[in-house]
Amino acid sequence: MNSPVAIGVGTREIVVGARAPRLLRLRKPAVAAEPASVAIPEAQCCTESGALDALRAALADTLIATSGADAAPVPQEVVQKRSAYMVLDDFWGNHAILRGDFRTLRARELEEIVLAHFTDTYGIDGASLVVRFSVQRGGRALFASAMSRALHDGIHDVSASEHVEISRLRLCLPEMLNRIGDAAEGGEALLVFVADELMQAVMTEQNRWVAYDAQRLFPGDAGDASRLADLAEQLFERSATRMNLRQGDCKIYLFGVETELAPFEARFATVIRQALPVDSSPAHRLMECAQ
């Protein structure tokens with residue numbers, strides 16, 4: 001009942017599964033219970049209230065599964081909190097890569113710069129945001145993320161009510177970028193991440209993240225390879241940091257939904273698709289990221 005859990009928060013589904021401690025993950029994996037999955041009702045998809053309601057239900061289902069449906073109720077005073085890692089779909093936040101000289105700035109100054117960027121870009125009150133950021137190697141670029149404070153605090157409140165303590169809460173893109181590492185092999189490349197509602201691009205140079213852009217997707221876009229290739233071309237044009245960098249000379253790495261490569265191969269020098277687990281929903285993959 002008190003084992004740690006991993007939580008994936010999608011736009012249409014919440015998935016909660018077991019998260020083994022690090023020492024156990026290094027050994028042969030044991031048989032684990034099936035993750036609890038709760039769909040967000042269609043009318044509440046992509047809404048904070050829908051996500052929080054589904055999270056409450058998924059955590060309750062996990063407690064029942066681990067304690068046994070026929071087990072006697074456990075007194076509230078003896079229930080111990082479980083720790084949890086959570087990864088959210090990038091739909092729930094915003095990202096940016098800022099360029100400048102950040103080498104001598106303090107954390108508070110960096111936070112003010114990040115808040116000013118998201119406020120100016122999206123017209124959002126900085127007090128309503130929770131931001132995270134990291135200065136990239138060399139101190140000339142800063143990767144920043146922001147999400148709604150109401151959603152952030154709501155997640156912690158709902159989890160606490162179900163005796164779960166969120167020890168780590170991240171959006172998906174930073175997790176993916178950290179796992180990819182030196183995928184571009186030191187050269188210039190465009191990393192493209194495609195989900196149902198969002199397409200994101202990160203330009204890399206010498207294994208550094210130097211530019212970011214995103215494009216909302218409408219129903220049907222994610223399954224249209226030509227449409228995705230057109231959008232990738234636009235993202236490249238907005239993300240290229242050198243005037244003489246042509247897309248015909250640039251590699252593109254595709255992550256996310258399965259799609260035809262031909263439209264991309266007609267526009268970019270090399271197209272490399274990263275394989276995804278078979279028969280796995282987006283929320284389930286987010287949960288696996290959290291594991």
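The values are calculated or read from the model by the stated rules, or taken from the named source; none is laboratory data. Everything quoted here is computed from the prediction, not taken from an experiment. Using ideal geometry, Cβ is built from the backbone for each residue, glycine included, and neighbour counts are taken over all protein chains shown. Each accessible area value is taken on the protein alone, full model and side chains, heavy atoms only, with ligands, DNA and RNA left out. Shrake-Rupley method; radii C 1.70, N 1.55, O 1.52, S 1.80 Å.
Residue-level check: of (1) polar (S, T, N, Q); (2) at pLDDT 95 or above; (3) touching a His at 6+ places or on another chain (Cβ under 8 Å), GLN80 misses just (2).
Of everything listed in (1) in contact with a Cys (Cβ under 7 Å, 6 or more places away or on another chain); (2) of a type in the set (Val, Ile, Thr); (3) farther than 30 Å from SER281 by Cα, the single unmet condition for THR104 is (1).
Within segment 201-220, the set of residues being closer than 12 Å to GLU237 by Cα and acidic (Asp, Glu) comprises ASP213 only. Could you look through segment 261-279, keep only residues that are within 24 Å of the chain's Cα centre (by Cα) and among the charged types (D, E, K, R), and pick out the one that is modelled with the lowest pLDDT? Step by step, filter segment 261-279, then rank; the result is ASP279.
Listed by position, the strands (runs of 3 or more DSSP E) contained in segment 128-197 that have at least 2 residues being modelled with pLDDT of 95 or more, open to solvent by less than 40 Å² (accessible area, probe 1.4 Å) and closer than 21 Å to THR62 by Cβ are 164-171. Looking only at residues in segment 193-219 that are in contact (Cβ under 8 Å) with a residue 24 or more places away in the chain and of a type in the set (Phe, Trp, Tyr), the one that is farthest from MET243 (Cα to Cα) is PHE193. Of all residues in segment 112-126, those satisfying the criterion of being open to solvent by 60 Å² or more (accessible area, probe 1.4 Å) and either under 22 Å from ARG170 (Cβ atoms) or of a type in the set (D, E, K, R) (or both) are GLU112, ILE113, ASP120, THR121, TYR122, ASP125. Residues in segment 250-269 that are in a strand (DSSP E or B) and not charged (D, E, K, R) were compared, and the one that is farthest from MET203 (Cα to Cα) is GLY256.
So that you can scan it fast, the table gives a plain yes or no per residue for (1) assigned to a helix (DSSP H, G or I); (2) modelled with pLDDT of 95 or more; (3) among the aliphatic types (A, V, I, L, M):
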{"position": "LEU63", "(1), (2), (3)": "yes, no, yes"}
{"position": "PRO73", "(1), (2), (3)": "no, no, no"}
{"position": "TYR85", "(1), (2), (3)": "no, yes, no"}
{"position": "PHE91", "(1), (2), (3)": "yes, yes, no"}
{"position": "PHE102", "(1), (2), (3)": "no, yes, no"}
{"position": "GLU109", "(1), (2), (3)": "yes, yes, no"}
{"position": "HIS117", "(1), (2), (3)": "yes, yes, no"}
